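Encoded as structure tokens, the structure appears first; notes follow it.
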Amino acid sequence: NNYFERIQGEAEVISNKSANNTIRNNTVRDSNGSIVTRHGAEVTISNNFIFGDDNPYSGGIRLVDDGHIVTNNYVEGARFSSSNWNGGIVLTTGDDAGDTEDGYQNVSNVFIANNTIVDSVNSLNVYGGKNDEAPETIYFVNNIIADAVGPVIRTNGEDMPSDSTFAGNYVFGQERRIF
């Protein structure tokens, strides 16, 4: 239930660094960065509103680690276009860090449903970052992506994550996906 406006720090407006937390009912406006699950598994992110408000460094939700539930969020105007780490919803590639305090834990077994992403760059970025381990077992269902800027789904030339479900989504933008 927090309100963040014109946050100009690093790329993480909310930076989760422990497991089994809930991030909900927050509003982020005109801020650099995203809501990020860094070093923490099984986080629930729900009912948040993120408005880029033409901020060129605004992001949405970036996921690292496993077991997350991301539901009922609204992201509009995530515009950090010069970075592969940002977008509406970003699944970060892992580096096999395992259960450590640094590195990028692999993204797996994530449920993403009933979110709305509007007017954003990399609306769904399934290979964010610079590492090698692709996300897997992602359930992306009943989401709305509208008026996407550039690729609606960014995969960095890779296939969609293995063992994943992509169903019941409304997807509309300049390009369907980039391979």
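For residue 110, are the conditions met, namely being within 23 Å of residue 47 (Cβ to Cβ), in contact with a His (Cβ under 8 Å, 6 or more places away or on another chain) and of a type outside the set (Gly, Ala, Ser)?
yes
Restricted to the range 74-87, and to residues that are out of contact with any Lys or Arg (no Cβ under 9 Å at 6 or more places or on another chain) and in a loop (DSSP other than H, G, I, E, B), which residue is most open to solvent (accessible area, probe 1.4 Å)? Talk me through it step by step, then tell me what you get.
Let us first name the residues in the range 74-87 that are out of contact with any Lys or Arg (no Cβ under 9 Å at 6 or more places or on another chain), namely 74-83.
Still in the running and in a loop (DSSP other than H, G, I, E, B): 77-83.
Working: 77: 8, 78: 2, 79: 80, 80: 44, 81: 81, 82: 104, 83: 18 Å².
It comes out as 82.
For the structure I just gave you, tell me whether residue 3 is aromatic (Phe, Trp, Tyr) and either more than 15 Å from the chain's Cα centre (by Cα) or open to solvent by less than 40 Å² (accessible area, probe 1.4 Å) (or both). So that I can check it myself, show each step before the final result.
Working: aromatic (Phe, Trp, Tyr): yes; either more than 15 Å from the chain's Cα centre (by Cα) or open to solvent by less than 40 Å² (accessible area, probe 1.4 Å) (or both): yes.
So residue 3 fits the description; yes.
Among the listed residues 50, 45, 35, 61, identify the single one that is surrounded by 19 or more Cβ atoms within 10 Å (Cβ to Cβ), at negative phi, part of a strand (DSSP E or B) and touching a Gly at 6+ places or on another chain (Cβ under 6 Å).
Working: 45 fails: touching a Gly at 6+ places or on another chain (Cβ under 6 Å); 35 fails: touching a Gly at 6+ places or on another chain (Cβ under 6 Å); 61 fails: touching a Gly at 6+ places or on another chain (Cβ under 6 Å).
One residue alone meets the criteria, 50.
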Problem - Pair list, Cβ under 9 Å, 6 or more apart: the range 1-14 residue farther than 13 Å from residue 58 by Cα, other residue modelled with pLDDT of 95 or more and assigned to a loop (DSSP other than H, G, I, E, B) - result: 1/25; 1/26; 2/25; 2/26; 3/26
Completion exercise
Picked from the range 146-173 (must be part of a loop (DSSP other than H, G, I, E, B) and touching a residue at least 60 places away in the same chain (Cβ under 8 Å)), the residue most open to solvent (accessible area, probe 1.4 Å) is 156
Practice task
For residues that are open to solvent by less than 10 Å² (accessible area, probe 1.4 Å), in a loop (DSSP other than H, G, I, E, B) and free of Cβ contacts under 8 Å to residues at least 60 places away in the same chain, tally how many sit in the range 89-128.
Solution key: 5
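The values are calculated or read from the model by the stated rules, or taken from the named source; none is laboratory data. Note that the structure is predicted; figures quoted are calculated from it, not measured. All Cβ positions, even for glycine, are placed from backbone atoms using ideal geometry, and neighbour counts span all protein chains on display. Surface accessibility is based on the protein's heavy atoms, side chains included, excluding ligands, DNA and RNA. Shrake-Rupley method; radii C 1.70, N 1.55, O 1.52, S 1.80 Å.
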